[in-house]
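Below: one structure, written as structure tokens.
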Amino acid sequence: MDQYTLNLLVVGASFALYVGIAIWARAGTTAEFYAAGQGVHPVLNGMATAADWMSAASFISMAGLIAAVGYGNSTYLMGWTGGYVLLALLLAPYLRKFGKFTVPQFIGDRFYSQSARMVAVLSLIIISVTYVIGQMTGAGVAFARFLEVSSAQGLYIASAIVFVYAVLGGMKGITYTQVAQYCVLIVAYTIPAVFISLQLTGNPIPGLGLFSTHTESGLPLLSKLDQLVTELGFNDYTSLHGSTFNMFLFTLSLMIGTAGLPHVIIRFFTVPKVADARWSAGWALVFIALLYLTAPAVGAMARLNIIDTIYNNGTQADSVQYEERPEWMRNWEVTGLLKFEDKNGDGRIQYYNDASAAFKPTADERGWAGNEFSFNNDILVLANPEIAQLPGWVIALIAAGGLAAALSTAAGLLLAISSAISHDLIKDFLNPNISEKGELLAARISMAGAIAVATWLGLNPPGFAAQTVALAFGLAAATIFPALMMGIFSKRVNAAGATLGMLSGLVVTCLYLFTYLGWFFIPGTNMMENIPANYLFGVPPAAFGPIGALINFAVAYLVSSVTAAPPQHVQDLVESIRVPKGAGAASAH
């Protein structure tokens, strides 16, 4: 059986499973559409949360970014994992105890303000649309390669699949679909990594293989990789290059952004009890760790395999002839995500850092006229089995896993958008008398509209999948996270403070992003070139979230301090959220 047919069978079978689950678990009420009837078991919810979380950015793009830079991009791992700890300890149980369906509903009730709620709706939509761009981009990459179509056609196919099962099933259908998708994606990610780790180090556990001996050279694998990349003019793989302050800011942005992501938070509204929310977060961390402990090994081994493919006799010898390039390169060239340009006309592929002044004399001596090999970071995980010449069924499996990762998170984001529009905007603001049937219809129509917008933006993303997603984290860090923290832990912050705080964080952060990445991420509309020399205090757009959060907190507390305190019943509500049921004063014995 040829690879294309095998891909179709495996991917088609996984899609049939997802659609079948969506039909079986079709939402019949708004409670099922928004919160799965609040009857999901904590272990299943943890698995669904992990699938919701491990998006195209985690599955497809994160290892690629680590492969491209090395240690410096471990910020993605540290920030995203740390964010779940914050979420489990500081937010999830309290939000579940409040007992609402959506994040804007909590903010509106806690701050006794429709204005605060509408700002939360606006923030949620901007965050979720930005985030979903990365998912659609990743899904388009996967479809493009494995169905042998263009990335644009792949994006349209991904949109159609999401439309079918997300619009039909709501939270109930999405939850059980995501359980299945987690099983697919974790198996798909782990099996190729095990094979490649065995090939390169003889160790079947990729995380341990990363620190094992490279079988062929006898050197530690990371030492071998450091040697190869530095011989080609790149920075060494295991050191930090760049600002430690920016690394700290970016990690913090990912952490507090994670804890403020609306599509993750609403997962904790689906469990029966408050204790289940905390257990769900714990289980989600376990399931996420299975992939995150493997990702650094996948990135390092992919980079090593690519260099060995091009310089199969060592970096000091001639590189491979273009006409003799391996089949995997030919396959990915079709998608336009891998390119070769013979700049010196020698018919060979030169891959090196042509921006390195220190390496230029070596390149000139060897007759190299510039780097001739480029690839999109998002392809590395998907191409890894082909690079390592693994069996066809492994290649088909990773195709299904990449698509599961992208589609599961896209569905969760689209649900967050549709619930904000139908429940918070239409039901509770524009038309309080709408029927349940009408609200369900509005939710499905708004989800369809969100898919259309995400598809259009996915055709022109502002960066790789993980880079685009990082922008959404910055927005969540600057808007939703501070509002939730103040809503739970401060009785003094009032409606005016929360509303102006969120607006300040949102406006300042959006302006900073749009200045360098274009208005609403439309190419060519940026006011300044996106280069480090232009950044305010050297802070890149993706690391601006904590500064936006600081502005949010400062404005909220300043405004609240000069205006009236919240009503007593709201202060009592805050107290009831924080204090365990049945708690009271200690009694003497």
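The values are calculated or read from the model by the stated rules, or taken from the named source; none is laboratory data. Please read these numbers as outputs of a predicted model, since none were measured by experiment. Because the Cβ atoms are built from the backbone with ideal geometry, glycine has one as well, and the counts that use them run over all protein chains shown. To get the accessible areas, we keep the full protein, side chains included, count just its heavy atoms, and leave off ligands, DNA and RNA. Shrake-Rupley method; radii C 1.70, N 1.55, O 1.52, S 1.80 Å.
With helices as the sole contributors, the chain gives -21000 deg cm²/dmol at 222 nm; each DSSP H run of n ≥ 4 counts as -39500 (n - 2.57), and the sum is divided by every residue. Residues in the stretch 402-417 carry Karplus couplings, in order, of x, 5, 4, 5, 5, 6, 5, 6, 4, 4, x, 5, 5, 5, 4, 5 Hz; the curve used is 6.51 cos²θ - 1.76 cosθ + 1.60 with θ = phi - 60°, and Gly or Pro positions show x.
For ILE266, the accessible area of its heavy atoms, probed at 1.4 Å with every protein chain present, is near 10 square angstrom. Close amide H partners of VAL334, meaning residues 5 or more places away or on another chain with modelled amide H under 5 Å apart, do not exist here.
Averaged per residue, what accessible area in Å² does the stretch 266-338 show with a 1.4 Å probe, protein chains only? Present the calculation step by step, with values, prior to reporting the outcome.
Details: 2780 Å² over 73 residues.
The answer is 38 Å² per residue.
Note on the chain: with charges restricted to the Cβ of Lys and Arg (+1) and Asp and Glu (-1), its dipole about the Cα centre is near 2320 debye.
For the chain, which whole-number percentage of the solvent-accessible area (1.4 Å probe, protein heavy atoms only) is attributable to carbon and sulfur atoms? Each step should come with its number before you reach the end.
Details: 13840 of 21500 Å².
So the carbon and sulfur contribution to the accessible surface is 64 percent.
For the chain, the longest principal axis of the C-alpha atoms and the axis of helix 480-489 are separated by about 40°. Each Cα pair under 8 Å and six or more residues apart adds its separation to the average, and for the stretch 66-156 the resulting relative contact order is 12 percent. Accessible surface for GLU327 stands near 110 Å², nearest 10, in the context of the full protein assembly shown (1.4 Å probe). Close amide H partners of ARG348, meaning residues 5 or more places away or on another chain with modelled amide H under 5 Å apart, are TYR322. Annotation for the stretch 419-457 versus the stretch 309-336: alpha-carbon center distance of 50 Å.
With the contact rule set at Cα under 8 Å and sequence spacing of 6 or more, what percent relative contact order holds for the chain? Before the final figure, lay out each step's value.
Details: 1095 pairs, mean separation 160.0, N = 589.
Once normalised by length, the contact order is 27 percent.
Note on HIS41: accessible area is roughly 110 Å² with a 1.4 Å probe, heavy atoms of protein only. Over every Cα atom in the chain, the radius of gyration and the widest Cα-Cα span, Dmax, amount to 24.5, 91 Å. Would you mind checking the tilt of helix 114-146 against the longest principal axis of the Cα atoms of the chain, expressed as 0 to 90 degrees and rounded to 10? Taking Cα atoms only, the helix is inclined about 30 degrees. In units of the compact-protein estimate 2.2 N^0.38 Å, the stretch 69-198 shows a Cα radius of gyration of 1.35.
For the full complex of protein chains and a 1.4 angstrom probe, list MET329, MET78 by accessible area with the highest value first.
Numbers: MET329 5, MET78 85 Å².
Descending accessible area places them as MET78, MET329.
Place +1 on the Cβ of every Lys and Arg and -1 on the Cβ of every Asp and Glu in the chain, take the dipole about the Cα centre, and give the residue among VAL167, VAL69, TYR112 whose Cα lies farthest towards its positive end. The residue sitting farthest along the positive end of the dipole is TYR112.
Annotation: per residue accessible area for the stretch 411-498 equals 30 Å², rounded to a whole number [probe 1.4 Å, protein chains only].
Think of a 1.4 Å ball rolled over the protein heavy atoms: the stretch 68-190 then has 26 Å² of accessible area per residue. Distance between the modelled labels on GLU341 and LEU240, one decimal in nanometres: 3.5 nm (7 Å Cα→Cβ projection).
Using a simple spin-label model with pseudo-atoms 7 Å out from Cα toward Cβ, SER374 and SER356 lie 1.9 nm apart.
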